[in-house]
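Chemist: Once you've had a glance at the structure underneath, I'll fire off some questions.
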Amino acid sequence: MSDRETSILVTGGAGFLGAHVIRALLQTPAFDGASIVVLDDLSGGFRENVPDDPRVTLVVGSITDVALVEQLFAEYRFRHVYHLAAYAAEGLSHFIRRFNYTNNLLGSVTLINAAVRYQSECFVFTSSLAVYGSAPVPMSEDTPPQPEDPYGIAKYAVECDLRAAHEIFGLDSVVFRPHNAYGEYQNIGDPYRNVVGIFMNRLMQSLPMPIFGDGNQQRAFTYVGDIAPIIARAPLVDKARNQVFNLGSNRPWTVKELAQEVAAAMGVPAVVEHLQPRREAVAAYASHDRCRQVFGEQTETQLAEGLARMAAWVRSVGSRSTTPFTHIEVQEQLPPAWQQWL
Ligand SMILES: NC(=O)c1ccc[n+]([C@@H]2O[C@H](COP(=O)([O-])OP(=O)(O)OC[C@H]3O[C@@H](n4cnc5c(N)ncnc54)[C@H](O)[C@@H]3O)[C@@H](O)[C@H]2O)c1
């Protein structure tokens with residue numbers, strides 16, 4: 001059995017953000033000697049994203065597997081839980097609502113139950129800017145959440161559940177609402193999410209970059225290296241306990257502009273293909289004053305530089321075949337661009 005003092009669970013640690021959070025944990029002096037258990041079902045992540053380090057153990061399995069979660073908590077008695085596992089395809093979540101709530105809500109609740117019963121000290125949760133829906137920009141933590149899709153609804157429900165678990169059981173949590181992260185280790189083969197990854201993957205195959213509607217949607221694209229260390233540090237920052245933080249870059253770009261920047265980073269012409277618009281927030285970006293106040297000044301990698309780093313990584317690993325989601329539950333109003341995979 002591992003020492004309770006030094007056991008950390010990272011769910012979704014074979015995914016993009018998780019891969020960076022684990023690396024940040026391994027470099028955090030306060031976690032020297034900590035053992036890190038990664039629970040990931042590899043539905044959207046990759047074994048090779050998990051660092052090859054004796055302090056890190058990958059368990060392949062699902063957060064929805066109550067018996068497995070129980071077994072892991074009983075064995076390791078995790079002091080901190082970083083819960084990142086989710087299927088984060090926001091736009092697709094309308095069409096896979098049962099799967100979305102099973103995976104992203106019930107899976108989370110399974111972990112919260114275990115964290116309460118085994119008295120974990122801090123539960124770090126990656127929620128999403130999706131909890132704000134189409135609220136006016138810039139969204140601040142004082143903006144009332146009004147999620148508009150099942151993905152955002154599940155995230156907000158977990159936030160509420162964590163608040164209740166703190167009130168009743170004293171479980172401490174830190175909630176982050178990251179947005180539009182990109183960088184090395186991102187799954188570039190998922191056609192429903194990760195616009196930067198989709199653009200790069202398509203360009204490597206000499207295909208146009210698909211843009212829903214006119215491309216005037218505004219998002220603040222965030223280099224993962226700027227946010228992963230903050231997530232890793234969360235349990236060590238007393239003032240962060242039981243708080244919610246927007247997390248990401250400040251400067252919004254349009255998707256049209258992003259396409260130009262991605263093509264430049266890849267060193268190819270910016271060929272785009274406009275698809276029918278889909279239902280989505282036209283502008284979604286946030287203020288990060290609260291995060292700065294509590295975690296201190298943050299680095300903000302310029303878009304061109306972050307994209308250049310990701311492009312170098314993408315070229316080194318090559319393009320990925322597209323892996324469509326196979327269990328669409330509702331086909332009505334599925335964007336035509338996604339109907340090809342039914
Ligand atoms: N990347 C972003 O811009 C962003 C923005 C807001 C919120 N988030 C949140 O951050 C977290 C990580 O996102 P990401 O971009 O790294 O996505 P990702 O898909 O790369 O990582 C998620 C990981 O969770 C795993 N997973 C999914 N369902 C699982 C299950 N039932 N059991 C075990 N493992 C499971 C996947 O295999 C994958 O490795 C997610 O919770 C996501 O909702 C990400």
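Since every read-out is calculated from the coordinates, none of them should be taken as a lab result. Computed from a predicted structure; not experimentally measured. All Cβ positions, even for glycine, are placed from backbone atoms using ideal geometry, and neighbour counts span all protein chains on display.
Chemist: Along the charge dipole of segment 20-124, pointing to its positive end and built from +1/-1 on Cβ of Lys, Arg, Asp and Glu, which listed residue (P51, V109, S62) has its Cα farthest out?
Modeler: Result: V109.
Chemist: Another question, if that's okay. Sorted by average packing, counted as other Cβ atoms within 10 angstrom per residue and highest first, what order do 120-127, 101-108, 47-54 take?
Modeler: 120-127, 101-108, 47-54
Chemist: Over what distance in Å are the Cα centres of segment 101-174 and segment 4-26 separated?
Modeler: 19
Chemist: Follow-up question, since we're still on this one. Let me spell out the model: positive unit charges on the Cβ of Lys and Arg, negative unit charges on the Cβ of Asp and Glu, origin at the Cα centre of segment 145-217. What dipole size does that give, in debye rounded to 20?
Modeler: It works out to roughly 220 debye.
Chemist: Can you give me the distance in nm between label points at T102 and E70, each placed 7 Å from the Cα along the Cα-to-Cβ direction?
Modeler: In this crude spin-label approximation the distance works out to 2.0 nm.
Chemist: Continuing with the same structure: Work out the length of the dipole vector of segment 183-268 about its Cα centre, built from +1 on the beta-carbon of each Lys and Arg and -1 on the beta-carbon of each Asp and Glu, and round it to the nearest 20 debye.
Modeler: 220
Chemist: Just want to confirm a number: the relative contact order over the chain, from Cα pairs under 8 angstrom separated by 6+ residues, in percent.
Modeler: 18
Chemist: Set the Förster distance to 35 Å, then compute FRET efficiency between E121 and D52 from the Cβ-Cβ distance, nearest 0.05.
Modeler: It comes to 0.80.
Chemist: Then there is this: For the chain, with only Lys/Arg (+1) and Asp/Glu (-1) charged at the beta-carbon, what is the dipole magnitude about the Cα centre, in debye rounded to 20?
Modeler: Dipole of the chain, to the nearest 20 debye: 220 debye.
Chemist: Cα convex hull of the chain: mean projected area in nm², to one decimal?
Modeler: Convex hull of Cα atoms, orientation-averaged projection: 15.7 nm².
Chemist: By per-residue mean of other Cβ atoms within 10 Å, what is the highest-first order of 69-77, 242-250?
Modeler: Going by the mean number of other Cβ atoms within 10 Å, highest first, we get 242-250, 69-77.
Chemist: In nanometres, what is the gap between the two model label sites at A337 and S287, each 7 Å from Cα along Cα-to-Cβ?
Modeler: With each label placed 7 Å out from Cα toward Cβ, I get 3.2 nm.
Chemist: Another question, if that's okay. Which of I230, H274, N242 sits closest to the plus end of the dipole of segment 223-301, meaning its Cα is farthest towards the positive end, when Lys and Arg get +1 and Asp and Glu get -1 on the C-beta?
Modeler: N242
Chemist: Take each complete run of DSSP H in the chain, measure how far its Cα atoms stretch along the helix's own axis, and keep only those covering 20 Å or more with mean Kyte-Doolittle hydropathy at least 0.5; list them.
Modeler: 303-317
Chemist: Of the DSSP beta bridges with both residues in segment 194-300, give the percent that are antiparallel, rounding to the nearest 5.
Modeler: About 25 percent, rounded to the nearest 5.
Chemist: Would you calculate, for the chain, the mean residue ellipticity at 222 nm contributed by helices, counting each DSSP H stretch of 4 or more residues as -39,500 (n - 2.57) and dividing by all residues, to the nearest 500?
Modeler: Here the helix-only value at 222 nm equals -10000 deg cm²/dmol.
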